[in-house]
Amino acid sequence: PDEPEHHGLRFGLRLDLIDLAVDADQLTEAETQAQRLLVDAEQWAASIPESRPAALFRAHALARLAEVAVYREQPETAVGFSRRRLEILTELADRHPSDAEITRLLALAHQDLGDTLRRIGVLDEATRMLADAASAQRQLIADDPSRGQVRRDLVTTLWSQGELEVVRGRPDIAMQRYTGALDAAEALLELNPANLEAMRDVFICAKEVG
C-alpha cells in the first residue's frame, strides 16, 4: 500500500506538541501523547513493514518517552525505552547504510543510552555506547565538515564521556574529554560564528577546562 503523505506531517506536528509539553514541564501530558504516537507509529509500521518514516517515528516516540523518564528520575525506565529505540535505528541503519540522517540518529541513540546507563552505574556499557556515538559522529563530520548539527552532537557526546570519566574516578581522562568538547565547540563556532548554541557550548566547556 502507498504511504499516506499526511502521516509524516501529522506525526511531525505531534512530536512538536510533545516537545512543547516537556518544555512546559507537563510530563504526564507529554508521556500520554508520546505513548499514543508510539502506538500509531507501530500500526503504521505494521501496515508497511519497510517504511522508513514509520520506523523513524517509532524511534522518536521512544526517545520522548525516555526523556520524560529521565526528567522523572526513572533512569531504569529510560534505559528500556532507549534500548528499544536503539534496536529500531540499528535495523534501519542496516537497511539504509548510506543514509547520513539515520546514521546521525543512531549515534544520538547510542549517546542517550550511554548517558542514561552512566546514571545507573552501568559504566562499561555506557563507555561503549558513548565511544560508538563519538566514532560515528566523527565519521559523519569527516564525510561532510559542514554538518553543524553533527558537530554539536559530538560536543554533547564528548562532554558525556568526560562526566563518565569523573564517575570512574579518572579526572585526567575526564579533562581530555572536556578539552575535546571545547575543541569541537570552537570548531562549530568557527564554522558558524552566529550560532548562539555554539557560543554557549564554548563558554560552558571553557569554564570546565579553565
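Just one of the listed residues (A41, A69) is aliphatic (A, V, I, L, M), within 23 Å of R118 (Cβ to Cβ) and either free of Cβ contacts under 8 Å to residues at least 40 places away in the same chain or assigned to a loop (DSSP other than H, G, I, E, B) (or both), namely A69. Could you please let me know if R95 is in contact (Cβ under 8 Å) with a residue 12 or more places away in the chain and open to solvent by less than 70 Å² (accessible area, probe 1.4 Å)? Considered against the rule, which asks whether it is in contact (Cβ under 8 Å) with a residue 12 or more places away in the chain and open to solvent by less than 70 Å² (accessible area, probe 1.4 Å), R95 comes out as no. In region 32-60, of all residues being touching a Leu at 6+ places or on another chain (Cβ under 9 Å) and open to solvent by 60 Å² or more (accessible area, probe 1.4 Å), the one that is nearest to R85 (Cα to Cα) corresponds to R58.
Restricting attention to region 10-28, the residues that are of a type in the set (D, E) and open to solvent by 90 Å² or more (accessible area, probe 1.4 Å) add up to 2.
Inspection of region 143-164 identifies no residue that is without any contact (Cβ under 8 Å) to a residue 12 or more places away in the chain, aliphatic (A, V, I, L, M) and part of a helix (DSSP H, G or I). Taken over region 165-181, the criterion of being touching a residue at least 12 places away in the same chain (Cβ under 8 Å), surrounded by fewer than 23 Cβ atoms within 10 Å (Cβ to Cβ) and of a type in the set (A, V, I, L, M) is satisfied by V167, A174, M175.
R128 satisfies every condition listed in (1) farther than 26 Å from A69 by Cα; (2) without any contact (Cβ under 8 Å) to a residue 24 or more places away in the chain; (3) among the basic types (K, R) except (1). Checked against the criterion of being modelled with pLDDT of 95 or more, acidic (D, E) and surrounded by 15 or more Cβ atoms within 10 Å (Cβ to Cβ), the candidates D201, D153 yield just one match: D153. Taken together, the residues in region 138-170 that are over 16 Å from H110 (Cα atoms) and basic (K, R) amount to 3.
Conditions (1) within 17 Å of R52 (Cβ to Cβ); (2) modelled with pLDDT of 95 or more; (3) under 11 Å from the mean Cα position of the chain (by Cα); (4) not charged (D, E, K, R), marked per residue:
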{"site": "A100", "(1), (2), (3), (4)": "yes, yes, no, yes"}
{"site": "R104", "(1), (2), (3), (4)": "yes, yes, yes, no"}
{"site": "G114", "(1), (2), (3), (4)": "no, yes, yes, yes"}
{"site": "S135", "(1), (2), (3), (4)": "no, yes, no, yes"}
{"site": "S146", "(1), (2), (3), (4)": "no, no, no, yes"}
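Quick one: L140 ticks every box in (1) open to solvent by 50 Å² or more (accessible area, probe 1.4 Å); (2) part of a helix (DSSP H, G or I) bar one, so which box is it? Checking L140 against (1) open to solvent by 50 Å² or more (accessible area, probe 1.4 Å); (2) part of a helix (DSSP H, G or I), the one that fails is (1).
The values are calculated or read from the model by the stated rules, or taken from the named source; none is laboratory data. For clarity, every value in this text was computed on a predicted model and none was experimentally measured. Cβ sites come from the backbone with ideal geometry, for glycine too, and all protein chains shown count toward neighbours. We work out accessible area using only protein heavy atoms, side chains counted, and drop any ligands, DNA or RNA first. Shrake-Rupley method; radii C 1.70, N 1.55, O 1.52, S 1.80 Å.
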